[in-house]
Amino acid sequence: MPAIDIPPRYNSKEIESKWYELWEKSGYFKPVVDETKKPFVIVIPPPNVTGILHMGHALNNTIQDILIRWKRMQGVPVLWVPGVDHAGIATQNVVEKKLAKEGKTRQQIGREKFIESVWKWKEEYGSTIVRQLRRLGSSCDWTRERFTMDEKLSRAVRESFVSLYEKDLIYRGNYIINWCPRCHTALSDEEAVHKEIQGFFYYIKYPIDPKTPVHGQDHILIATTRPETMLGDTAVAVNPNDERFKTFAGKRVILPLMNRSIPIIQDEFVDPEFGTGLVKVTPAHDPNDFAMGNRHQLEFVNILNPDGTINENGGNYRGLDRFEARKRVIEDLEKAGLFVEKKPHIHAVGHCYRCHTMVEPYLSKQWFVRMKPLAEPAIKAAQDGRIQFIPERWTKVYLNWLENIRDWCISRQIWWGHQIPVWYCHECEKRGKVPDNLSSPNASVGDIQTCPPQIVGGSASGGDSRFRGNDSRAASINAGIIVSRQDPTQCPTCGDKNLIRDPDVLDTWFSSWLWPFSTLGWPEKTKDLQYFYPTSTLVTAPEIIFFWVARMIMAGFQFMEKEPFDTVLIHGTVRVEGGQKMSKSLGNSIDPLEIIEEMSADALRFSLMMLGATDVYLSRQKFEQGRNFTNKIWNAFRFCVNNLADFKPEDFRPLEKMYAKEFSVIDKWILTELQDAAEEIDTHLEECRLSEAANSVYHFFWHSFCDWYLELAKPVLMGNQTAERKVVQNILVHVLETSMKLLHPFMPFITEEVWQRLKELIGGEYFANETVMLARWPFADQRIRFEKEANAVRLFQEAVGGVRDLRSRLGLKPAEELNEVTIVVKNHEAEEALRTFQKEICFLNRIKHLSLFQTFEKKSGMVGKVYSHIEIFVSGLSESDLKREGEKIREKIAELEKHIQSINDRLGSEQFISRAPEEIVEKEKERKEDFEKQLESYRENLTLFG
RNA sequence: GGGCAAUUAGCUCAGUUGGUUAGAGCGCUUCCUUGACAUGGAAGAGGUCACAGGUUCGACUCCUGUAUUGCCCACCA
């Protein structure tokens with residue numbers, strides 16, 4: 001054989017980079033398109049361009065890579081589309097921070113320069129995560145890598161916006177949205193995460209307006225959690241059915257500090273049981289109050305600047321931060337004798353999902369997507385199973401969200417992102433033709449969220465009153481508004497060329513919801529789009545079902561008229577031991593790249609898969625399992641190669657072409673185990689149970705192949721029997737090769753290394769492929785499966801274990817021989833089975849003489865182990881060992897008696913006999929017989945132990 | 001406040017449509033540096049399947065309730 005020098009240690013670093021480069025260079029990651037076959041396609045959940053690989057990515061991408069590699073080996077055309085998300089707010093924050101270090105702000109350098117510097121930043125740091133995904137072994141088709149801000153994907157964004165507008169599914173209007181005072185932008189409902197905080201209920205007196213006196217009352221008492229918002233109060237509300245406040249209806253109060261007279265209105269919304277039963281109404285800063293404001297035609301007074309400070313509508317508090325203002329308002333009320341008390345109160349408050357700042361409900365002019373029509377097909381698809389969630393329970397979560405869906409605020413007041421493709425004509429504006437609330441001319445009137453309010457004071461778009469106006473759906477609705485696929489040069493209404501583009505950009509998710517088809521070329525009808533859409537499986541974490549998964553499904557139906565994938569595989573969240581979520585900000589993260597450095601990418605991947613399908617609880621130690629396994633694989637391989645020194649390529653014969661009689665029982669057993677493993681792994685992968693699949697292959701390789709087969713192969717390999725030896729060598733090659741294929745999706749690097757070295761050794765048609773990546777996925781081959789042998793081997797393993805236990809009780813050193821062992825077998829099958837293993841039993845236990853009998857004259861003091869079908873006799877056991885064994889037999893007897901009793905009860909029951917299926921009754925009878933035989937044999941043996 | 005899920009060995013979890021004596025990995029105990037591997041090998045210990053009812057010939061598995069925990073959603077000021 002060719003001299004192959006196998007290093008004693010597996011050097012992951014060299015090997016991993018060597019193979020990855022070769023794979024990529026050779027184009028193995030690119031799909032082999034075959035029009036006759038349905039492809040398997042995954043689009044990557046695009047990581048943020050600011051991202052660095054964390055354990056969540058590692059888990060997510062390992063799963064995707066396993067599925068992709070498995071399908072690829074099955075000969076399915078596969079495509080894994082990689083890419084990166086521009087992550088609007090997150091990226092803008094990062095670059096702004098960098099500018100701040102240089103003493104600059106984005107406002108100083110201006111929009112154009114700022115965007116330039118973001119692109120520059122992207123060029124410099126943006127490919128980090130993409131490099132790291134390669135380190136992990138991800139077999140993405142990098143030639144199809146996409147970025148959500150690419151020219152083509154931007155076109156897709158623009159197309160989708162315009163077409164939705166044309167279908168009246170996009171509108172603009174003044175509504176209460178979530179405003180982040182730190183990021184200076186609107187957020188969608190999903191981007192405002194509710195957190196419970198410990199706050200206070202402040203009780204405040206509002207004096208009755210002397211002009212509308214109420215008998216016997218000079219004030220009312222209201223309760224609020226946000227006292228500073230009172231500066232924008234335009235009413236106080238009571239429930240019309242609340243007897244206590246009947247006399248207040250139609251009266252007015254003086255708003256303290258502002259000295260404004262405001263009405264007391266009646267509204268069903270008010271809950272008489274809650275607070276004082278009287279509610280201050282701040283239509284510009286609370287969604288409920290906003291609705292009340294509309295119902296009662298109240299004034300909408302905005303008191304906040306975009307940065308969270310009080311604006312000119314807040315009187316003396318102008319310029320103060322919202323929390324400072326809260327303090328001052330309370331102080332001043334106290335001075336005025338109008339503050340009563342504060343009580344602790346826990347309530348949920350929205351926080352910005354990017355910077356964790358408390359958000360403000362804020363009235364401003366924003367763009368929205370009308371979601372109800374989009375949700376309908378997405379709901380149906382999940383209900384009738386065209387889209388399946390794994391685990392299934394996520395379907396409910398998904399449906400529940402879609403069924404209660406609210407319109408999606410998509411405009412963001414930041415600079416990094418896709419700028420909204422809307423222009424306003426200056427001339428038309430001046431003539432007051434541009435309304436506040438815009439939607440397409442063919443809009444059906446009345447289905448907009450609520451009526452448009454009258455604004456007083458500044459709004460989000462910079463305090464402009466330019467668009468103040470009333471409804472919308474007048475005939476001239478679209479005068480001066482250009483929503484266009486191409487940049488317009490003049491106003492189609494008046495021809496004026498002074499056009500102003502809407503300064504806002506779109507929500508980041510407005511580009512990612514197009515991902516499954518925009519990456520394939522949409523809106524162009526590309527070949528890729530036709531062949532690869534819809535994709536197959538989406539692999540992601542539960543956190544983004546609403547942000548991304550649900551919206552992709554809606555977009556898929558809207559723009560492609562087809563669901564974007566049929567399976568959504570939701571994996572767990574990565575946590576540290578103890579249950580905390582693993583995150584950089586908590587400082588508890590384990591860097592996957594460190595694990596790759598220290599232990600190898602294969603170890604990282606395999607460890608993650610072995611941890612199970614739920615949330616994974618990690619510690620550094622947990623990765624040792626994967627590392628140990630790579631070590632095991634490497635050493636088993638070394639052992640095999642060392643014993644193949646005299647094996648010539650022409651000695652190799654594919655096993656299915658060998659005769660069954662050439663194999664020993666052990667050979668047949670390991671081959672059967674291998675077929676079982678192949679079948680199990682395949683079934684598990686088919687059902688997306690990756691950790692089960694990993695377990696199967698782990699168990700087969702380690703415990704069946706290494707622990708038993710290789711141990712038993714040793715005497716054969718050391719012996720002189722050439723024919724036997726050749727058979728075993730063939731099996732070694734076959735099992736190794738097959739195992740490497742089965743393991744490859746999980747551990748791509750080490751399996752490639754081992755496989756390539758075997759190929760070098762054997763060559764020939766068996767290793768016709770250039771890489772294990774493209775080798776044929778193993779199937780359970782019935783020709784080399786031998787069911788009968790499995791039971792025999794189990795008995796044999798029991799016998800070996802029993803003798804080993806006795807050896808240790810006799811205190812024998814490993815090298816010492818055991819003189820005389822007698823095994824009594826209880827039936828013919830057992831005898832037959834053990835007789836074939838006589839040599840092996842002796843070898844594994846260093847037994848000089850082994851006798852097998854069906855009956856045996858027992859001598860006292862010569863008993864060791866008693867099992868259900870065999871007894872093992874040795875001499876020289878100590879009193880206490882015998883006693884111990886006797887105890888165990890008594891326990892066993894008690895257990896058997898219990899089982900027999902319960903079976904007797906069952907068999908004695910009329911109902912069981914008449915109602916249980918016959919086969920079950922038969923089975924029970926068999927079990928009973930079996931138990932009784934065992935019981936008899938144990939009882940018989942008990943006499944030997946005194 | 002609403003919804004979803006979980007509760008099986010010291011820990012993390014399997015248990016595939018209700019029917020063998022409930023499994024795995026890690027950890028633990030004892031022994032072993034035997035020539036692939038101490039990142040290893042062998043032999044062990046360890047569970048009344050959260051609790052209470054119910055359905056059934058039969059329940060870890062199905063139903064109801066209770067308890068505990070976790071997650072998600074939510075415009076009662």
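The values are calculated or read from the model by the stated rules, or taken from the named source; none is laboratory data. What you see is a predicted model; the values in this text were computed from it and never measured. Positions of Cβ are backbone-derived with ideal geometry, glycine not excepted, and every protein chain shown enters the neighbour counts. Heads up: the accessible areas ignore ligands, DNA and RNA and are worked out on the full protein's heavy atoms, side chains in. Shrake-Rupley method; radii C 1.70, N 1.55, O 1.52, S 1.80 Å.
Here r is the Cβ-Cβ distance between A:Gln901 and A:Thr836 and R0 is 45 Å; the resulting FRET efficiency, rounded to 0.05, is 0.75. Working from label points 7 Å from Cα in the Cα-to-Cβ sense, the A:Ala790 to A:Glu403 distance is 4.4 nm. Across the alpha-carbon atoms of the stretch A:586-678, the computed radius of gyration and Dmax are 19.3, 63 angstrom.
Rolling a 1.4 Å probe across all protein chains gives A:Asp85 an accessible area of roughly 10 Å².
Surface composition of the stretch A:273-331: carbon and sulfur make up 45 percent of the accessible area, probe 1.4 Å.
Classify the stretch A:687-800: rounded, prolate or oblate, from the alpha-carbon gyration tensor (a ≥ b ≥ c, eigenvalue square roots; a/c under 1.5 rounded; otherwise prolate if a/b is larger than b/c)? Because a/c hits 1.5 or more and a/b fails to exceed b/c, the stretch A:687-800 counts as oblate. Using a cutoff of 8 angstrom between alpha carbon atoms and counting only pairs six or more residues apart, the relative contact order for chain A works out to 12 percent. The packing ranking of peptides A:393-400, A:540-547, highest mean first, is A:540-547, A:393-400, where packing means the average number of other beta carbon atoms within 10 angstrom of each residue.
How large is Rg over Rh for the stretch A:1-55, taking Rg from the Cα atoms and Rh as the Kirkwood inverse mean of 1/r across Cα pairs?
1.14
Using heavy atoms of the protein chains and a probe of 1.4 Å, the accessible area assigned to A:Thr50 is about 40 Å². Accessible surface for A:Glu656 stands near 60 Å², nearest 10, in the context of the full protein assembly shown (1.4 Å probe). Computed from phi, the 3J(HN,Hα) profile of the stretch A:30-45 under the Karplus parametrisation 6.51, -1.76, 1.60 (θ = phi - 60°) reads 7, x, 9, 6, 9, 4, 7, 10, 7, x, 10, 10, 10, 9, 5, x Hz, with x in place of Gly and Pro. P(r) for the stretch A:176-302, please, calculated from all Cα pair distances in 10 Å bins and given in %. Percent of Cα pairs in each bin: 12, 42, 32, 11, 3. A Cα-only calculation for the stretch A:608-763 places Rg and Dmax at 16.3, 53 Å. Annotation for the stretch A:626-725: chymotrypsin sites (Phe, Trp or Tyr not before Pro) lying in DSSP loop with at most 12 further Cβ atoms inside 10 Å of their Cβ are A:Tyr659.
For the stretch A:752-865, count all C-alpha to C-alpha pairs, find those more than 17 Å apart, and express that count as a whole percent of the total.
Percentage above 17 Å: 67.
In the distance distribution for the stretch A:343-406, Cα-Cα pairs more than 14 Å apart total 72 percent.
Grab the other residues whose beta carbon is less than 13 angstrom from that of A:Arg322, score K and R as +1, D and E as -1, and report the net. Net charge around A:Arg322: +1. For the stretch A:1-154, the pair-distance distribution built from all alpha carbon pairs, in bins 5 Å wide starting at 0, is 2, 8, 14, 16, 15, 13, 10, 9, 6, 4, 2, 1, 1, 0, 0 percent.
If the cut-off is a Cα-Cα distance under 21 Å, which lysines reach A:Lys25, setting aside same-chain residues fewer than 8 apart in sequence? Answer for A:Lys25, where 21 Å is the Cα cut-off: A:Lys13, A:Lys71, A:Lys759, listed by chain and number.
Counting only DSSP beta bridges with both residues in chain A, the antiparallel share comes to about 70 percent. The percentage of C-alpha pairs in chain A whose separation is greater than 52 Å is 40%.
Note down the Stokes-Einstein diffusion coefficient of the stretch A:150-236 in µm²/s, whole number, using a Kirkwood radius over alpha carbon pairs, 25 °C, and 0.890 mPa s.
In µm²/s, the coefficient rounds to 134.
Across A:Asp289, A:Asp321, A:Asp407, the residue with the most accessible area heads the list, and the full order at a 1.4 Å probe is A:Asp321, A:Asp407, A:Asp289.
Using helices alone, what [θ] at 222 nm do you get for chain A, with -39,500 (n - 2.57) per DSSP H run of 4 or more residues, divided over all residues and rounded to the nearest 500?
-12500 deg cm²/dmol
Angle, helix A:788-810 long axis vs. longest principal axis of chain A, Cα atoms, 0 to 90°, nearest 10? The helix A:788-810 is inclined about 80 degrees to chain A. With the convex hull drawn around the C-alpha atoms of the stretch A:865-946, the volume per residue stands at 72 Å³. Axis angle, to the nearest 10 degrees, between helix A:690-699 and the longest C-alpha principal axis of chain A: 20 degrees. Using the alpha-carbon positions of the stretch A:488-563, Rg (one decimal) and Dmax (whole number) come out as 17.0, 51 Å. Ellipsoid semi-axes for the stretch A:791-852, based on the Cα gyration tensor and the rule √(5λ), read 20, 11, 10 Å when sorted largest first. If you take the Cα centroid of the stretch A:707-722 and the Cα centroid of the stretch A:855-928, the two points sit 35 Å apart.
Given a 1.4 angstrom probe, I'd like the percentage of the accessible area of the stretch A:487-643 that is carbon and sulfur, rounded to a whole number.
The value for the stretch A:487-643 is 46 percent carbon and sulfur by accessible area.
Axis of helix A:322-335 versus longest Cα principal axis of chain A: the two differ by about 50°, to the nearest ten degrees.
Can you give the direction-averaged projected area of the convex hull of the alpha-carbon atoms in the stretch A:85-124, in nm²? The directionally averaged projection comes out at 2.7 nm².
Taking only protein heavy atoms into account and a 1.4 Å probe, give the accessible area per residue of chain A in Å².
44
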